[in-house]
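The next block holds one structure in the form of C-alpha cells; read it before the comments.
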C-alpha cells in the first residue's frame, strides 16, 4: 500500500472564483494562486495562469485574453477551467513520478446537477482518476475545527470571491443553507460604481480590490485610512488621481453588506429552535477572503446578538478542511456530497 501511495496521490481542490488552492496528501497546500488564465487568441496557447496572469489583467493587447473561468462559484468557461486546473496540477507533479488517484472538490450548496457535472468533468480531464464533491461549508467548518459531527449547531459563513455560503452544520451535514452572489467580486463592483458616480473616475477591478484591502471596513473605524487611486477621468479622458477614504468604501459596500446580514438572519430564523439555541454558546464563524474585511465580525455580532469569530487563516480554511478529508478519507468519507439536498432558501 505504501508503494501505491508513493505513485498515486490524493488531492483536495478549492476551485474558487477568485483563488484556487490545491492540497496534496501529506504535502499540505502546494498551490495558492488566482483563478485566472491568459490565452493568446492568435495561437490559442495558454500564456500564463495564476499570479502571472493576474498581473496582466486589464493590461493586454486585443489578441491576449485574460479570463476568469469561474463566475459566481460556477464554471462559466469549461475549457479554460479545465486548462487552469491542469496547469496547477502540472506544477505539483513537475519533477515527480506520480499521478492523481482521487480529487476532492469543494462546491457551493446550490449548484445544479449540470454545474456539478461540469466541475467533475473538469477535474477528470485535468488528470484526476476519481472525483468526489464536498459541500464547501462542511469542508470549511472542518477546516475551522468546529464540532461538525456532533448534534450541535455550527454556523459557518464562507465569504469567497463569487459567492457567500451561509450554512448551519450538525451531525456532519447541512441543516439550513443559503448561497448569495454577494461576495468579494461584488464588493469590488460596488467600489468601482461609487468612484464612478462620486468622482467621475473610471477605475479597474485590480484598483478597486487594492482599495478594498487597504481601507475597506464594515463599521466606522477609530483610525482614518485613505489611499490614492488612479484612473481615467470620465469628462476629459485623461489620467487622474483621487484620495479614497475608509468611510467612502464603507458607504460603497453598505447595500451589499445589508443584503448579507438579511440572509444571515434568514438562515438563523429557519434553523430548528434547539440548534438556534446552540448558536449562543457556539457562536458564528467567518472564513474566506471576505472575512478579512475590517469590522465585519463586529457588524454581524451586533446585528445577530451572537458572538462572531474570524477563523485562523480564513483564506485557507476550506482547503485545510479538504486536506483533513484527503489525509483521513476513511474517517471523513461520509461527509462527501450526496443527492440528499438540504433546505435551501430561494434567492430573491
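The values are calculated or read from the model by the stated rules, or taken from the named source; none is laboratory data. Here the structure is a predicted model, which is why all the values come from computation and not from measurement. In this analysis, Cβ positions are derived from the backbone assuming ideal geometry, glycine residues included, and neighbour counts consider all displayed protein chains.
Structure data summary
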| read-out | value |
| --- | --- |
| Among residues of segment 191-211, those that are surrounded by fewer than 22 Cβ atoms within 10 Å (Cβ to Cβ), within 29 Å of residue 107 (Cβ to Cβ) and in contact (Cβ under 8 Å) with a residue 60 or more places away in the chain, counted | 2 |
| Residues located in segment 101-121, provided they are over 12 Å from residue 75 (Cβ atoms) and either touching a helix residue (DSSP H, G or I) at 6+ places or on another chain (Cβ under 6 Å) or part of a strand (DSSP E or B) (or both) | 101, 102, 103, 104, 106 |
| For residue 164: the one exception among (1) modelled with pLDDT under 95; (2) surrounded by fewer than 24 Cβ atoms within 10 Å (Cβ to Cβ) | (2) |
